[in-house]
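The values are calculated or read from the model by the stated rules, or taken from the named source; none is laboratory data. This is a predicted model, so every value here is computed, not measured. Neighbour counts run over all protein chains shown; Cβ positions are idealised from the backbone, glycine included.
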Ligand SMILES: NC(=O)c1ccc[n+]([C@@H]2O[C@H](COP(=O)([O-])OP(=O)(O)OC[C@H]3O[C@@H](n4cnc5c(N)ncnc54)[C@H](O)[C@@H]3O)[C@@H](O)[C@H]2O)c1
């Protein structure tokens, strides 16, 4: 079976590509390598079942051709990371929505199933405990860059449902919650790789505010396993599914754990994120996935804790 994996040169996409090939599939990776790296695919680059296409999801003709050749599509290409999103909002909105639209349109036209990466960001500022897929989305003001990313992904979800209605598109929208592991780079604003890089370098770990805000981290291997199982779950079609690990950790606790696991002498420095990013920043106190839909559809529950990912990131120094 041949899969098209957009964004396959990135963090999640490269792990997915490796896993797909390891399970006997063929893969075509479409990536413009703007944040992805060719070396992310080093482990499988020489595999004759892998073809790497350096191009953009904004190229509708190319996307159409590659979707046509594939049996199944994983659409993971996007502009990701708070630093990038705030720096280049036009590129964020265009890549994440127009790119998704090209993929979804081709899937609808050619009858190919599309699994695409959405994000927990779409829940926005919704209050309450664990997020359930059908709950309301409460996005912030358009003056805050972060919400442009959330909106671009939410719009892709709306578009997928619209195409399902119009042309019978088969899709699964994966609402990913902070996947972590090796190959995730700190350059674009991801917290855990930043902590790991700082701890390994013996520099202070920069914690935003008092560090009481919490997040849930899913080991990348669990995220890939969940994605592949959803690809094989017929009942998952035309559904949104949370892909995350409900185990929650505060940023202060996470920083302390990284320092301990790295055997580092680093200290913790509390900083105001608005000084790091701009005044254009908003943070959420917590974000926890309800994963009962994922479990019901696939029988899968995340197994790996955040410390497993931290150890691997320290060992590989990312
Ligand atoms: N990592 C997470 O925790 C997380 C959380 C929520 C959602 N997601 C989603 O998962 C997907 C993968 O994220 P990631 O963390 O691996 O980020 P990443 O930046 O490592 O991967 C994105 C990939 O898309 C590529 N890309 C960007 N613009 C492109 C374009 N126009 N054409 C072709 N390729 C392009 C990049 O070069 C990169 O390889 C994204 O859609 C992201 O929104 C990730």
Considering each residue of the stretch 271-292, count those that are at pLDDT 95 or above and under 30 Å from residue 141 (Cα atoms), and give that number.
3
Positions within the stretch 135-185 being surrounded by fewer than 23 Cβ atoms within 10 Å (Cβ to Cβ), touching a residue at least 24 places away in the same chain (Cβ under 8 Å), more than 14 Å from the ligand (Cβ to nearest atom) and over 21 Å from residue 93 (Cα atoms), in sequence order
164, 166, 167, 168, 170
What is the number of the single condition among (1) buried (at least 19 other Cβ atoms within 10 Å of the Cβ); (2) more than 18 Å from residue 198 (Cα to Cα) that residue 251 does not meet?
(2)
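Which one of 260, 229 is under 20 Å from the mean Cα position of the chain (by Cα), modelled with pLDDT of 95 or more and not in a loop (DSSP other than H, G, I, E, B)? Spell out the reasoning first.
Values: 260 fails: under 20 Å from the mean Cα position of the chain (by Cα).
Of 260, 229, the one residue that is under 20 Å from the mean Cα position of the chain (by Cα), modelled with pLDDT of 95 or more and not in a loop (DSSP other than H, G, I, E, B) is 229.
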For the stretch 232-257, name all the residues that are over 14 Å from residue 306 (Cα atoms), away from the ligand (no atom under 16 Å from the Cβ) and outside any helix (DSSP H, G or I).
232, 233, 237, 238, 239
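Do we find that residue 235 is at pLDDT 95 or above, out of contact with any strand residue (DSSP E or B) (no Cβ under 9 Å at 6 or more places or on another chain) and within 22 Å of residue 302 (Cα to Cα) in this structure? Write out each step before concluding.
Values: at pLDDT 95 or above: yes; out of contact with any strand residue (DSSP E or B) (no Cβ under 9 Å at 6 or more places or on another chain): yes; within 22 Å of residue 302 (Cα to Cα): yes.
When the stated conditions are applied, residue 235 passes them.
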So which residues in the stretch 21-66 are more than 11 Å from residue 8 (Cβ to Cβ), in contact with a strand residue (DSSP E or B) (Cβ under 6 Å, 6 or more places away or on another chain) and more than 12 Å from the ligand (Cβ to nearest atom)?
25, 26, 49
Only one of these conditions is not met by residue 128: (1) farther than 16 Å from residue 57 by Cα; (2) without any contact (Cβ under 8 Å) to a residue 60 or more places away in the chain; (3) away from the ligand (no atom under 13 Å from the Cβ); (4) not in a loop (DSSP other than H, G, I, E, B). Which number is it?
(4)
In the stretch 25-69, what count of residues is obtained for those that are touching a residue at least 60 places away in the same chain (Cβ under 8 Å) and either surrounded by 16 or more Cβ atoms within 10 Å (Cβ to Cβ) or in contact with a helix residue (DSSP H, G or I) (Cβ under 6 Å, 6 or more places away or on another chain) (or both)?
4
Of the residues that sit in the stretch 80-97 and are modelled with pLDDT of 95 or more and crowded, with 17+ Cβ neighbours inside 10 Å, which one is nearest to the ligand (Cβ to nearest atom)?
95
Being in contact with a strand residue (DSSP E or B) (Cβ under 6 Å, 6 or more places away or on another chain) and more than 10 Å from the ligand (Cβ to nearest atom) is the filter here, so list the residues in the stretch 105-125 that pass it.
107, 112, 113, 114, 115, 123, 124, 125
